[in-house]
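As C-alpha cells, the structure follows; a few thoughts come after it.
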Amino acid sequence: MRTYSGVVYPAQTDAMGHMTVQYYVAAFDQAMWHLVHALGYRPEWQTERGEGWADVRHDVTFSKELRVGGLFWVESSVVAIGKTSLSTRHRLFDPGGELSSTDDVKSVYFDLNGRKALPLPEQIRMSANDRLTDARG
C-alpha cells in the first residue's frame, strides 16, 4: 500500500546534489507510522496505554539517486509477523515508478514505561496477517 509521498528539497541534499540518507530514512519512518495505523495502531495509545514501537533493525538499499525537486512515494508491506514484532518492507519510487531505495525494518511493539517488548495486539496481528506478502517481493 502507498504509505507516504514527498518531494526532495534543496536542504535535504548532500554535496553531490542527491537526497541524503537521513531523509530516505525519515520517509521510511513516516511510511511505517502510516502502515501501523492502517493495521489498527492508534497514536493516542502512546499516552492512553503507554504502548508504541521500537525499531530494532533497518537494512537500507539504494538503487537510484533522487535530486532536488524530485517527487517520490513509498509503498509498504508486512513481510513477517512475530510474537512481539513486525518485519516490514518499504520501497521508495521516483515519479516514473523506478525503485530508488528499499528499507527492510524490524519493529517491536513496546511498553513505553516498562521499556520491554509486548505481544502484538490481536487486532494488529490479524490485520498484518491479512496484508502479509512474500518477503522476496
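Here are the numbers:
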item	result
Flag if PRO95 is more than 19 Å from GLN123 (Cβ to Cβ), surrounded by fewer than 18 Cβ atoms within 10 Å (Cβ to Cβ) and out of contact with any strand residue (DSSP E or B) (no Cβ under 7 Å at 6 or more places or on another chain)	no
Flag for GLY6 being assigned to a loop (DSSP other than H, G, I, E, B) and touching a residue at least 60 places away in the same chain (Cβ under 8 Å)	no
Any hit, segment 71-81, residues being out of contact with any Leu (no Cβ under 9 Å at 6 or more places or on another chain) and within 22 Å of GLY17 (Cβ to Cβ)	yes
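Values quoted throughout were computed directly from the atomic coordinates according to the rules given, and no laboratory measurement underlies them. Not measured: the values here are computed from a predicted model. Neighbour counts run over all protein chains shown; Cβ positions are idealised from the backbone, glycine included.
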